[in-house]
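Have a look at the structure below before the remarks.
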């Protein structure tokens, strides 16, 4: 919930009317089931939430927002961890408080639970091209990795704590180069 609130604040910058193409060239998660499956179970025994389930919830969120004249801008899956879809709002003529209220209501009805369950059910993984760029950046800084790192936590565990600022810089710079239209990512 805190992550959503922080993200909401950052995303409402889009109220100025800027727009982007849907999914900003972001690929869908590479190692996640695409369709709901009754055979795959989450740790709790319930059906596993898939990328398709999450995307359907985003569609329902968009419909809810549209009823209040708010356009949902979908920047695609976060390439840093593929745990969420990066969303922004476009609402010309509405102030921050109005958008916040409507977005909060619609998110709680259609997205919050699905997003939380998706994160529980699916292992975080960095987009392959981003991981390759981060590895190259770290190597140039003489920070060696095992090559088995797949996600932000793996990187944070592999890089000595006194060099985490360099790791963050490598991630931020690589995101800027690979995804120049992306306004927000989730690296810790």
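Values quoted throughout were computed directly from the atomic coordinates according to the rules given, and no laboratory measurement underlies them. From a predicted model like this one, the values you see are computed outputs, not experimental measurements. Using ideal geometry, Cβ is built from the backbone for each residue, glycine included, and neighbour counts are taken over all protein chains shown.
General observations
- Tensor-based shape of segment 40-188 (alpha-carbon gyration tensor, a/c under 1.5 rounded, otherwise prolate or oblate): oblate
- Compared with the direct C-alpha span, the chain from residue 105 to residue 47 gains 18.4 nm at full extension, assuming 0.36 nm per residue.
- Legend: P(r) of segment 87-162 from all alpha carbon pair distances, 5 Å bins from 0, whole percents, reading 3, 12, 16, 14, 9, 10, 12, 12, 8, 3, 0.
- Length gained on full extension, residue 146 to residue 68: 23.1 nm, using 0.36 nm per residue less the C-alpha separation.
- Averaging the sequence gap over all C-alpha pairs within less than 8 Å and six or more residues apart, then dividing by the number of residues, gives segment 128-178 a relative contact order of 46 percent.
- Extension gain, residue 56 back to residue 153 (0.36 nm per residue minus Cα-Cα distance, nm): 32.2 nm
- Each of residue 96 and residue 165 was given a label point 7 Å from its Cα along the Cα-to-Cβ line. The distance between the two points is 2.9 nm.
- For segment 128-178, the alpha carbon convex hull comes to 65 Å³ per residue, rounded to a whole number.
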